[in-house]
Amino acid sequence: RVPALIRKSLLVPRLRPRHFTTHPHHHGLSPLLKISPEVSAALASNIPVVALESTIYTHGALGNDLNLEFVVRQHGAVPAVCGILAGVPTVGLAPDEIERMVREGAKKASRRDLAFLAARASMLGSGGGAGHGGTTISGTMVLARLAGIRVFGTGGLGGVHRGGESSMDVSADLTELGRTRVAVVSSGCKGFLDIPRTLEFLETQGAFVATFADGMAEGERVDFPAFWARESGTPSPAVVRDEREAAAIILAQEQLGVESGLLFANPIPEEAAIPRKEMEAAIDLAVREAEEKGFTGNANTPYVLKRIRELTHGRSVPANKALVRANVARAAKIAVELAKMMD
Ligand code: PSU
Ligand code: MN
């Protein structure tokens, strides 16, 4: 007699392609990827599209009322929230689908987790657990690239963690920028990371990094921003003046056939920024606690963000919301400029 468990594993998994979107624009599209009709139609007719991540909803400690989709629309582009819904890698999640992911619980999903979540659903119907994946910047970049989306707006990039030279905790966001041609707009990376090492690593990965310097005087030093603060003490490797210049760089990268990603850092709006001094105590304590309590690996960032939120009595939240909205608006403007150039 064959034990039940083994018998079951001998069954041929149902790996039929579901949700296959057929469109002439999408040759070579993964059969596992679901693209919403609105996003699909926009991509096919050169209407600007902006990718958004779902980790920010499932693990970002910012609440559900961010409504980044609205910000994208306000600036003339179509939003495409990316994530894995019950095992289906999806580009263009609807608000009720995101709500469901938050309610039922989602795994924080970077590049490494995508196939795992997608395969479980094909084999077991609904999959073990809810099978949801809130995609990080890295996971979202993979899905956006598969769908043919060029621009992605979000909050803060992952990076090299403090002490990363011995723990080797380096966000998969950085290696993703080295290999996946999507332009990411973020407020630099979170201030609790090791910013100089993050920039070194991005250079090694071949990722372009520039900071928006509108409103700054010519020749003034432009820092790579540190999320809640506009200054980090580390100068940005490159500077861009406006969205049109950013779009031209994205287009040139594509025409050169260079596959690496691009990072456009957008400093937090002046009026929302929290001075570095003020954040430092909270950051130091949160990072130390995370280490003492063993929040390592992908649990580190959500823990530190949550603690900083508590330690600043919620003051970090409106700043975080303001910066992510500004980034998403910026991303939409870049996508609009790009669409003009593609006409
Ligand atoms: N920035 C935020 N909130 C977040 C993140 C960034 O304000 O939740 C998420 C992003 O999805 C980013 C991820 O890709 O954290 C990085 O996690 P890690 O450090 O584990 O790579
Ligand atoms: Mn990590």
**Study point:** Residues satisfying the stated conditions in segment 275-299, i.e. surrounded by fewer than 14 Cβ atoms within 10 Å (Cβ to Cβ), within 16 Å of ligand 2 (Cβ to nearest atom) and assigned to a helix (DSSP H, G or I)
**Key:** 297
Exercise for review: Can you run down the residue pairs with Cβ atoms below 8 Å, 6 or more apart or on separate chains, where the first is in segment 163-176 and farther than 21 Å from residue 137 by Cα and the partner is within 10 Å of ligand 2 (Cβ to nearest atom) and acidic (Asp, Glu)?
Suggested key: 163/169
Practice item. With the condition kept exactly as written, say whether any residue in segment 155-172 is β-branched (Val, Ile, Thr), more than 20 Å from residue 36 (Cβ to Cβ) and within 14 Å of ligand 1 (Cβ to nearest atom). Key: yes
Check your understanding: Which one is nearest to ligand 2 (Cβ to nearest atom) among residues in segment 300-331 that are within 17 Å of residue 284 (Cα to Cα) and among the small types (Gly, Ala, Ser)?
Key -> 316
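Restricting to segment 300-319, what's the tally of residues that are free of Cβ contacts under 8 Å to residues at least 40 places away in the same chain and either in a loop (DSSP other than H, G, I, E, B) or more than 20 Å from the chain's Cα centre (by Cα) (or both)? Give the steps one after another, and end with the answer.
Of all residues in segment 300-319, those free of Cβ contacts under 8 Å to residues at least 40 places away in the same chain come to 303, 307, 310-314.
Right, trim to either in a loop (DSSP other than H, G, I, E, B) or more than 20 Å from the chain's Cα centre (by Cα) (or both) and you get 307, 310-314.
The total comes to 6.
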Exercise for review: Could you please give the count of residues in segment 320-336 that are touching a residue at least 60 places away in the same chain (Cβ under 8 Å), surrounded by fewer than 22 Cβ atoms within 10 Å (Cβ to Cβ) and within 14 Å of ligand 1 (Cβ to nearest atom)?
Suggested key: 3
Review point. Could you count how many residues in segment 36-92 are surrounded by 18 or more Cβ atoms within 10 Å (Cβ to Cβ) and small (Gly, Ala, Ser)?
Key: 12
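Looking at 246, 265, can you tell me which residue is in contact with a helix residue (DSSP H, G or I) (Cβ under 8 Å, 6 or more places away or on another chain), under 20 Å from residue 157 (Cα atoms) and crowded, with 17+ Cβ neighbours inside 10 Å? Reasoning before the result, please.
Details: 265 fails: in contact with a helix residue (DSSP H, G or I) (Cβ under 8 Å, 6 or more places away or on another chain).
When all the criteria are applied, what remains is 246.
Within segment 180-199, take every residue that is more than 16 Å from residue 264 (Cα to Cα) and of a type outside the set (Gly, Ala, Ser) and give me the one that is surrounded by the fewest Cβ atoms within 10 Å (Cβ to Cβ).
First, pick out the residues of segment 180-199 that are more than 16 Å from residue 264 (Cα to Cα): 191-194, 196-197.
Remaining after also requiring of a type outside the set (Gly, Ala, Ser): 192-194, 196-197.
Numbers: 192: 27, 193: 28, 194: 19, 196: 13, 197: 17.
Top of the filtered list is 196.
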Check your understanding: If residue 186 satisfies every condition in (1) within 10 Å of ligand 1 (Cβ to nearest atom); (2) modelled with pLDDT of 95 or more; (3) touching a Lys or Arg at 6+ places or on another chain (Cβ under 9 Å); (4) under 18 Å from residue 207 (Cα atoms) but one, which is the exception?
Key -> (3)
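The values are calculated or read from the model by the stated rules, or taken from the named source; none is laboratory data. Just so you know, these numbers come straight off a predicted model, no measurement behind them. Counting neighbours? That spans all protein chains shown, and the Cβs are built from the backbone with ideal geometry, glycine included.
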